[in-house]
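The numbers here are math on the coordinates, done by the rules we state, and not lab data. Here the structure is a predicted model, which is why all the values come from computation and not from measurement. Cβ placement follows ideal geometry from the backbone for every residue including glycine, while neighbour counts extend to all protein chains displayed.
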Amino acid sequence: MSEVFEPFVACERFVGPHRFDIHILDELSRQWYGYADQWQSERQWWIDTIKPGSTVLECGAHQGLTTVLLALCAGPTGLVHAWEASPANAAVIERNAKLNRLENIVVHPRAVGDREGLLPVLDSQGSLMMLASDQDPRLSTKVQVVRLDDDYDHSRKVDFLKIDVDGADLEVLLGAPKILSQRPYINLELHTYLFDNPVKTVSTIMGIFQDLNYSFKVDAYDGKDVVDVGMSPDITWLTSFKFVQLFCTPV
């Protein structure tokens, strides 16, 4: 007989200088957040890049560990808007903000894409993957989708944009031309294995960035150091990996 999962609070998670606590409410979050040292290369880049007082938009926030870290990087005068497709996960983000006494987090319980409507998704233990059609046999449910430009009030200039949306990477960018025109720092996780045509999709994404004048560093999760690839990454090389982190800097 399988054991019943008992929710708990994981105390003293840390990334660099930042310490925080996190609600662990299911098995997936235990696997992801159950160990103390939560350092990853992209999280180090956040610490190095986000200045106190920054405005940060996070697309794909799961249960808020990353949201909490981004809020700590931005500091009390900064602001983090977090979009999360799963309403249940969005509620946990609220709980984790309260747990850490953070008042600079705004949660949007919606998915982000290139048009408004309902989007079919596969729910895998609370982690949602966008599907191309509601005829897909893997369909679990549908979630509300908004364009980032429409769902952000634009009261503050955006300094940093994080996108981790399990295959809807291009759609998020297509729905945010006004925000992209401000040329924020961008951390984009490309889920190339989820694209129907990886080369075409990544080429389109790179075309958006080329028009905005960005340079890139890449973490391909291949056990090697982060690679500085300048302003013209090799598309074939990028799409040879299952997923990669792009650290995008306006130049």
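Quick one: among C73, C11, C59, which has the greatest mean-square fluctuation in a GNM of the chain with alpha-carbon springs under 10 angstrom? In the Gaussian network model the winner is C11. Footprinting exposure proxy ranking of T66, T201, fewest other C-beta atoms within 10 angstrom first, gives T201, T66. For the pair region 95-118 / region 17-46, the C-alpha centres are spaced 18 Å from each other. For the chain, the antiparallel share of DSSP beta bridges with both residues in that region comes to about 60%.
Residues D164, D48, D169 in ascending order of nearby Cβ atoms (within 10 Å, fewest first): D48, D164, D169.
Sorting R43, R101, R95 by the number of Cβ atoms found within 10 Å of their own Cβ, with the fewest placed first, yields R101, R95, R43.
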